[in-house]
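**Q** After the structure tokens below, expect a handful of questions from me.
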Amino acid sequence: MSIADRGTEAMMTNYPPRPLTIVRGDGCWLWDDAGTRYLDLVAGIAVVTLGHGHPAPIAALAAQSAVLDHVSNLYWTEPAIALAERLNSLSGLEQAFFCNSGAEANEAAIKLARRHGNETGGAAKHELVCLEGAFHGRTLGALQATWAQPKKIPFEPLPAGFRHVPRNDIAALRAAVGPQTAGVLIEPIQGEGGVHVIDEAFLIEARTLCDQHDALLLFDEVQTGIGRCGAWFAFQRTTVRPDAVVLAKGLASGMPIGALLSRRLATGFRPGDHGTTFGGSPPIAAAALATIEVVERDDLIGNAARVGEHLSVALAGIDGVAGVRGAGLLLAVELVDGDAAGAATALRERGVIVNAVSDTAIRLCPPLVITMEQAELAIEAFRAVLAARG
Ligand SMILES: Cc1ncc(COP(=O)(O)O)c(C=O)c1O
């Protein structure tokens, strides 16, 4: 049996059919089981910050595992504290909680907001205001914060107390936030929803309303954080400062990690309020620290800004492209013919892996180590594929 057949037999059917079996990766390149090489412009969906197989996080993980692997959060371990210190200083926030995925980090953020609301306004102050088009994960709370309505129906009832407003609609935001609001949860650039940049004016208003109503402003930077959008955090491209930030994906360049960073809250978690067995385990924390070190040492944030700008301008000039949106190396290419799935297949057949983030748009979120030469290969492939589709 092929690997694909074995997978179809042995694994649950929660994912759509997968077109490739990938066996090896190196930098921005992947190889399938037939030996075909692909330029990877997806990076495990914005995860492999340093490219596949980068030696720094692997060496840090191995070295730390050999010294101390796992003891749980019953004890202090130094790597998690060092990572918290580093992230606090990069974000301007003050305290960290570590977990294992984006959804789990969002659950922590929702609980933090409710903890704060309960303390400051009683049980009635529990609502989360989220955006239409949002994606925050698949666990029940994160799913309820997510906008994709049809995905929720088979799993109802979901937790109560979540409202959604159209992105960038300031009047709707004003109407939704009030004394009952515990938190406002926003992706500064919506990723899964189609790569939509939220207006700075909308974020400023969210900050003002949270201050007025003593609610927490929570930014989900699971997809946008750790340099991808041309700053350590996408919110740093604006003047707005959140009360808490959610991270995961790119933080340890491929190793599973989630994080919630917040300012020091008198109304924050107390012992026993929240936890997870694996969060902040020494090897994963060491891999995250190594990732941050390389992002800084190799100016990958500058690279993301430069290569992203080049891709953006060049792709926007190709016949068949209606427009390019996003920031840094999180981009969506809107197609004139509106067939993103067909274009993604054609690009893969030319050796370039992309992701159809909506019916009409292709998402690019490559490793931050992508070079201008590799970007040129991608642009050339888009040109050829869109020309062939006429
Ligand atoms: C903005 C955002 N939040 C949360 C998540 C969920 O992360 P995970 O799949 O690690 O649970 C994602 C995943 O795509 C995401 O893009």
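**Q** Could you pull the accessible area for Tyr15 with a 1.4 Å probe, rounded to 10 Å²?
**A** Its heavy atoms expose roughly 140 Å² to the probe.
**Q** Let me ask you something else. Let me check something: with ligands and nucleic acids excluded, how do Asp359, Asp5 order by accessible area (1.4 Å probe), largest to smallest? List each step's numbers first, then the result.
**A** Working: Asp359 130, Asp5 80 Å².
Accessible-area ranking of Asp359, Asp5, largest first: Asp359, Asp5.
**Q** Let me ask something else. Could you order Met1, Met11 by accessible surface area, starting with the largest, using a probe radius of 1.4 Å?
**A** Details: Met1 170, Met11 110 Å².
Ranked from most to least accessible, the order is Met1, Met11.
**Q** Out of all DSSP beta bridges in the chain, what portion is antiparallel? Express it as a percent rounded to 5. Intermediate results must be reported in sequence, preceding the final value.
**A** Numbers: 31 of 47 bridges.
Around 65 percent antiparallel, to the nearest 5.
**Q** Moving to a separate point now. Ignoring ligands, DNA and RNA, what accessible area per residue does the chain give at 1.4 Å, in Å²?
**A** Numbers: 16890 Å² over 390 residues.
Normalised by residue count, the accessible surface of the chain is 43 Å².
**Q** Grab the other residues whose beta carbon is less than 12 angstrom from that of Leu173, score K and R as +1, D and E as -1, and report the net.
**A** 0
**Q** Only Lys, Arg, Asp and Glu count, each charged at its Cβ (+1, +1, -1, -1), so figure out the dipole size of segment 55-297 about its Cα centre, rounded to 20 debye. Walk me through the numbers on the way to the answer.
**A** Values: 20 positive and 24 negative charges, 33 e Å.
Its charge dipole is roughly 160 debye.
**Q** Calculated FRET efficiency, Arg37 and Thr277, Cβ-Cβ r, R0 35 Å, to nearest 0.05?
**A** Values: r = 39 Å, r/R0 = 1.10.
Calculated value: 0.35.
**Q** Would you kindly find the accessible area of Lys125, with a 1.4 Å probe and non-protein molecules such as ligands, DNA and RNA excluded, rounding to the nearest 10 Å²?
**A** Looks like 10 Å² after rounding.
**Q** Where does each of Thr139, Thr181 land when they are ordered by accessible area, with a 1.4 Å probe and the largest first? Don't skip to the end; give the middle numbers.
**A** Values: Thr139 60, Thr181 0 Å².
Most to least solvent-accessible, the answer reads Thr139, Thr181.
**Q** Under a crude label model (7 Å from the Cα following the beta-carbon direction), how far is Asp339 from Arg297 in nanometres?
**A** In this crude label model, Asp339 to Arg297 measures out at 4.7 nm.
**Q** OK, next. Run the helix sum for the chain: -39,500 (n - 2.57) per DSSP H stretch of 4+ residues, divided by residue count, reported at 222 nm to the nearest 500 deg cm²/dmol. Each step should come with its number before you reach the end.
**A** On the way: 13 runs with 151 residues, N = 390.
Roughly -12000 deg cm²/dmol at 222 nm, from the helical runs in the chain.
**Q** Could I ask something else about it? Given the options Ile186, Leu209, Ala381, identify the residue whose Cα lies farthest towards the positive end of the charge dipole of the chain (+1 on Cβ of Lys, Arg; -1 on Cβ of Asp, Glu).
**A** Leu209
**Q** Tell me, what is the percent relative contact order of segment 55-297, built from C-alpha pairs under 8 Å that lie six or more residues apart? Don't skip to the end; give the middle numbers.
**A** Details: 493 pairs, mean separation 76.9, N = 243.
Taking the mean separation of contacting Cα pairs over the length of segment 55-297, I get 32 percent.
**Q** May I ask you to derive the FRET efficiency for Arg270 and Arg163 from their Cβ-Cβ distance with R0 = 30 Å, giving the value to the nearest 0.05? Working shown, then result.
**A** Details: r = 27 Å, r/R0 = 0.91.
Approximately 0.65, to the nearest 0.05.
**Q** Report the extension gain between Glu9 and Leu74 in nm, rounded to one decimal, defined as 0.36 nm multiplied by the number of residues separating them, less their alpha carbon distance. Before the final figure, lay out the partial values.
**A** Values: separation 65, 0.36 × 65 = 23.40 nm, distance 3.96 nm.
Extending this stretch completely gives an extra 19.4 nm.
**Q** Here is a follow-up. What accessible area, in Å² to the nearest ten, does a 1.4 Å probe give for Asp339?
**A** Approximately 60 Å² for this residue.
**Q** Assign one of three labels to segment 1-143, namely rounded, prolate or oblate, based on the Cα gyration tensor with a ≥ b ≥ c the square roots of its eigenvalues; rounded applies when a/c is under 1.5, prolate when it is not and a/b is larger than b/c, and oblate otherwise. Walk me through the numbers before you get to the answer.
**A** Numbers: a/c = 2.23, a/b = 1.43, b/c = 1.57.
Oblate, since a/c reaches 1.5 and b/c is not below a/b.
**Q** Is the shape of segment 338-390 best called rounded, prolate or oblate, per the rule: a/c under 1.5 gives rounded, else a/b larger than b/c gives prolate, else oblate, with a ≥ b ≥ c the square roots of the Cα gyration tensor eigenvalues? Intermediate values should be presented prior to the final figure.
**A** Numbers: a/c = 2.25, a/b = 1.35, b/c = 1.67.
Judged from the Cα gyration tensor, segment 338-390 comes out oblate (a/c at least 1.5, b/c at or above a/b).
**Q** Further, regarding this structure: Just want the answer: with Cβ charges of +1 for Lys and Arg and -1 for Asp and Glu, which residue in Pro79, Val165, Thr360 is farthest toward the dipole's positive end in the chain?
**A** The residue sitting farthest along the positive end of the dipole is Val165.
**Q** Find which of Gly117, Ile292, Leu61 sits farthest along the positive direction of the dipole of the chain, computed with +1 on the beta-carbon of Lys and Arg, -1 on that of Asp and Glu, about the Cα centre.
**A** Selected residue: Gly117.
**Q** Another one. How much of the accessible area of segment 309-350, probe 1.4 Å, is carbon plus sulfur, in whole percent? Intermediate values should be presented prior to the final figure.
**A** Values: 810 of 1730 Å².
C and S fraction of accessible area: 47 percent.
**Q** Let me check I've understood the local charge: for Pro55, count other residues with C-beta under 15 angstrom from its C-beta, Lys and Arg +1, Asp and Glu -1. What total comes out? Don't jump to the answer; show the numbers that get you there.
**A** Values: positive: Arg297; negative: Asp26, Glu293, Asp298.
Neighbourhood net charge equals -2.
The values are calculated or read from the model by the stated rules, or taken from the named source; none is laboratory data. On a predicted model such as this, the values are computed, not experimentally measured, just so you know. Don't worry about glycine lacking a Cβ; one is built from the backbone with ideal geometry, like all the others, and counts go over all protein chains shown. Surface areas here come from the heavy atoms of the whole protein model, side chains and all, with no ligands, DNA or RNA. Shrake-Rupley method; radii C 1.70, N 1.55, O 1.52, S 1.80 Å.
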